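Asker: One structure, pasted below without further comment.
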Amino acid sequence: MDDKLMLMIPGPTPVPEQVLLAMAKHPIGHRSGDFSKIMAEVTENLKWLHQTQNDVLSLTVSGTGAMEAAIINFLSPGDRVLVGNNGKFGERWVEVAKAYGLTVDIITAEWGQVLDPEQFRQVLEADTAKTIKAVIITHSETSTGVLNDLETINRHVKAHGEALIIVDTVTSLGAYNVPIDAWGLDVVASGSQKGYMVPPGLGFVAVGARAWEAYKTAKLPRFYLDLGKYRKDAAKNTTPFTPPVNMFFGLQVALHMMRAEGLDNIFARHQRLTQATRAAVKALGLPLFAPDQAASPAITSVMPDRVDAEQIRSVMKKRYDIILAGGQDHLKGKIFRIGHLGFVSDRDILTAIAALEATLQELGYEGFTPGSGVAAAAKVFANA
């Protein structure tokens, strides 16, 4: 049936109808007073969402562009950085840092496992000469469904005294509590197509005072992604380059929706969806890829051992118009990922789990009692 597609991936995520309708309006001039009013409101609400009084800058990029900007604006060629790598995106930040000629030390963990904060502590404490200029972390590792312990790692960075912390919160901001000012996070990047409930096209970078001090002496090349330009223009409620005007129309509405729901309720909803999804998967006898204590609020990764992951995704798409994410790199064909990020409700999880049960039956999987997955999810919702 046409127009019944249901996205259950970590991005792009579902978009509310009122956001889509706002984006369908005729564009206005991006140098007009009317657009400046929208920029002012959006910036204020972005600061609310980020829990910061510092700058939150909007760029016409994806989450990767926001992270690249977060790296290149505050460092110089040859600077030593410490990068956490336990998945596809931690791996990507290693590649970006090396592409810009940084000296990269890497702390690794197996895909599906968390980064060990103790390893960060040891390396940072050993750096008595203070040569480490930044620590780069992926908070929610989308490729595996693991949530790294940002709060503890950040404490070790703060104890170091010199290094900045640069954080990829692309699939955690707007889904999990990331109190930027309370934790003293220096640079935080995210993207519109995730918890913001807006299509792809905008990236956001929150920048604190320590990072702006580093910006003054940073020498990596930058032009379009020069955050100093964005900061200067944001003070006048404008942008240095042409923004996607209609994206801002949608973002304005999405932020209204988020403020109406409230941060605590947003975080509680994502936690409830995560718990229900994981309970359902366990009830179906399917192994989870990431541990319970480090479950991402954005996505649940499943590694089926008696049925093919790609067959599951194929039937879910063809028969039920539900899109699940696959594995990446060496996990391709080995896992599937159920997204529960952004504009996702309890009903969506129940629908996806019911379809998953029917899919498993169609594929001849007999490792569960029909109805057990839905019942397990419903129990979580009933007790929430």
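The values are calculated or read from the model by the stated rules, or taken from the named source; none is laboratory data. Note that this is a predicted model, so its numbers are computed, not measured. Neighbour counts are summed over all protein chains in view; Cβ atoms, including those assigned to glycine, are modelled from backbone coordinates with ideal geometry.
Asker: Can you name every residue in segment 28-54 that is outside any helix (DSSP H, G or I) and more than 27 Å from Val170 (Cβ to Cβ)?
Answerer: Of everything in segment 28-54, those that are outside any helix (DSSP H, G or I) and more than 27 Å from Val170 (Cβ to Cβ) turn out to be Ile28, Gly29, Arg31, Ser32.
Asker: I want to confirm something. Restricting to segment 55-71 and keeping residues that are surrounded by fewer than 21 Cβ atoms within 10 Å (Cβ to Cβ) and touching a helix residue (DSSP H, G or I) at 6+ places or on another chain (Cβ under 9 Å), which single residue is nearest to Arg259 (Cα to Cα)? Step through it out loud before you land on a result.
Answerer: Residues of segment 55-71 that are surrounded by fewer than 21 Cβ atoms within 10 Å (Cβ to Cβ), as a first pass: 60, 62, 64-65.
From the residues that got through so far, the ones that are touching a helix residue (DSSP H, G or I) at 6+ places or on another chain (Cβ under 9 Å) too are 60, 64.
Working: Thr60: 23, Thr64: 26 Å.
For segment 55-71, the residue satisfying everything is Thr60.
Asker: Here's another thing I want to ask about it. Filter segment 86-123 down to the residues that are small (Gly, Ala, Ser) and surrounded by 19 or more Cβ atoms within 10 Å (Cβ to Cβ) and list them by number.
Answerer: Scanning segment 86-123 gives Gly87, Gly90, Ala97, Ala109, Gly112.
Asker: Give Leu49, Leu21, Leu57 a once-over and let me know the one that is of a type in the set (A, V, I, L, M, F, W, C), assigned by TED's automatic domain parsing to the domain that holds Pro200, within 28 Å of Asn265 (Cα to Cα) and touching a Gly at 6+ places or on another chain (Cβ under 8 Å).
Answerer: Leu49
Asker: Let me ask something else about it. Just to check your reading of the model, which residue among Lys236, Lys229 is over 23 Å from the mean Cα position of the chain (by Cα), within 22 Å of Gly191 (Cβ to Cβ), assigned by TED's automatic domain parsing to the domain that holds Gln53 and among the basic types (Lys, Arg)?
Answerer: When all the criteria are applied, what remains is Lys229.
Asker: Checking Thr242 against (1) surrounded by fewer than 19 Cβ atoms within 10 Å (Cβ to Cβ); (2) among the β-branched types (Val, Ile, Thr); (3) not assigned by TED's automatic domain parsing to the domain that holds Val187, which test does it fail?
Answerer: Exception for Thr242: condition (3).
Asker: Might you check whether a residue that is touching a strand residue (DSSP E or B) at 6+ places or on another chain (Cβ under 8 Å) and at pLDDT 95 or above occurs anywhere in segment 19-31?
Answerer: Within segment 19-31, not a single residue is touching a strand residue (DSSP E or B) at 6+ places or on another chain (Cβ under 8 Å) and at pLDDT 95 or above.
Asker: Against the condition buried (at least 24 other Cβ atoms within 10 Å of the Cβ) and touching a helix residue (DSSP H, G or I) at 6+ places or on another chain (Cβ under 6 Å), how does Val83 come out, does it pass?
Answerer: Working: buried (at least 24 other Cβ atoms within 10 Å of the Cβ): yes; touching a helix residue (DSSP H, G or I) at 6+ places or on another chain (Cβ under 6 Å): yes.
So Val83 fits the description; yes.
Asker: Next up: Looking for whichever is closer than 27 Å to Ala211 by Cβ, assigned to a strand (DSSP E or B) and modelled with pLDDT of 95 or more here; the options are Val94, Val83. Which one fits?
Answerer: Testing whether each residue is closer than 27 Å to Ala211 by Cβ, assigned to a strand (DSSP E or B) and modelled with pLDDT of 95 or more leaves just Val83.
Asker: Could you pull out the residue among Ala260, Ala235, Ala254, Ala209 that is surrounded by fewer than 20 Cβ atoms within 10 Å (Cβ to Cβ) and closer than 16 Å to Phe343 by Cβ?
Answerer: The conditions single out Ala260.
Asker: Using the structure shown, decide if Ala254 is in contact (Cβ under 8 Å) with a residue 60 or more places away in the chain and either of a type in the set (Asp, Glu) or over 26 Å from Val19 (Cβ atoms) (or both). Write out each step before concluding.
Answerer: On the way: in contact (Cβ under 8 Å) with a residue 60 or more places away in the chain: yes; either of a type in the set (Asp, Glu) or over 26 Å from Val19 (Cβ atoms) (or both): no.
It is false that Ala254 is in contact (Cβ under 8 Å) with a residue 60 or more places away in the chain and either of a type in the set (Asp, Glu) or over 26 Å from Val19 (Cβ atoms) (or both).
Asker: To continue, here is another question. Looking at segment 311-331, can you tell me whether even one residue there is in contact with an Asp or Glu (Cβ under 7 Å, 6 or more places away or on another chain), closer than 15 Å to Ala358 by Cα and either at pLDDT 95 or above or in the same structural domain as Asn148 (by TED's automatic domain parsing) (or both)? So that I can check it myself, show each step before the final result.
Answerer: The first filter runs over segment 311-331 and keeps only residues in contact with an Asp or Glu (Cβ under 7 Å, 6 or more places away or on another chain), leaving 315, 326.
Among the residues that remain, those that are also closer than 15 Å to Ala358 by Cα are: 315.
In the following step, the residues that additionally are either at pLDDT 95 or above or in the same structural domain as Asn148 (by TED's automatic domain parsing) (or both) were identified as 315.
Yes, segment 311-331 contains a residue that is in contact with an Asp or Glu (Cβ under 7 Å, 6 or more places away or on another chain), closer than 15 Å to Ala358 by Cα and either at pLDDT 95 or above or in the same structural domain as Asn148 (by TED's automatic domain parsing) (or both).
Asker: For segment 344-361, does any single residue satisfy the condition of being in contact with a strand residue (DSSP E or B) (Cβ under 7 Å, 6 or more places away or on another chain) and either among the small types (Gly, Ala, Ser) or in a loop (DSSP other than H, G, I, E, B) (or both)?
Answerer: Yes, the conditions are met somewhere in segment 344-361.
Asker: Of the conditions (1) among the hydrophobic types (A, V, I, L, M, F, W, C); (2) over 16 Å from Phe343 (Cβ atoms); (3) touching a helix residue (DSSP H, G or I) at 6+ places or on another chain (Cβ under 8 Å), Ala214 satisfies every one except a single condition; which number is it?
Answerer: For Ala214, the exception is condition (3).
Asker: Pairs please, first residue from segment 23-34 and touching a residue at least 40 places away in the same chain (Cβ under 8 Å), second anywhere and surrounded by 12 or more Cβ atoms within 10 Å (Cβ to Cβ) and in a loop (DSSP other than H, G, I, E, B), Cβ atoms under 6 Å, 6+ apart in sequence or on different chains.
Answerer: The qualifying pairs are His30/Pro243.
Asker: Out of Gly373, Gly367, Gly285, Gly342, which single residue is touching a Ser or Thr at 6+ places or on another chain (Cβ under 9 Å), over 30 Å from Ser192 (Cβ atoms) and touching a residue at least 24 places away in the same chain (Cβ under 8 Å)?
Answerer: When all the criteria are applied, what remains is Gly285.
Asker: If you check Asp305 against the conditions, is it surrounded by fewer than 24 Cβ atoms within 10 Å (Cβ to Cβ) and in contact with a Lys or Arg (Cβ under 7 Å, 6 or more places away or on another chain)?
Answerer: On the way: surrounded by fewer than 24 Cβ atoms within 10 Å (Cβ to Cβ): yes; in contact with a Lys or Arg (Cβ under 7 Å, 6 or more places away or on another chain): no.
Here the answer is no, as Asp305 does not meet what is asked.
Asker: Then there's this: Looking at (1) more than 19 Å from Gly11 (Cβ to Cβ); (2) at pLDDT 95 or above, which is the one condition that is false for Asp305?
Answerer: Result: Asp305 passes all but (2).
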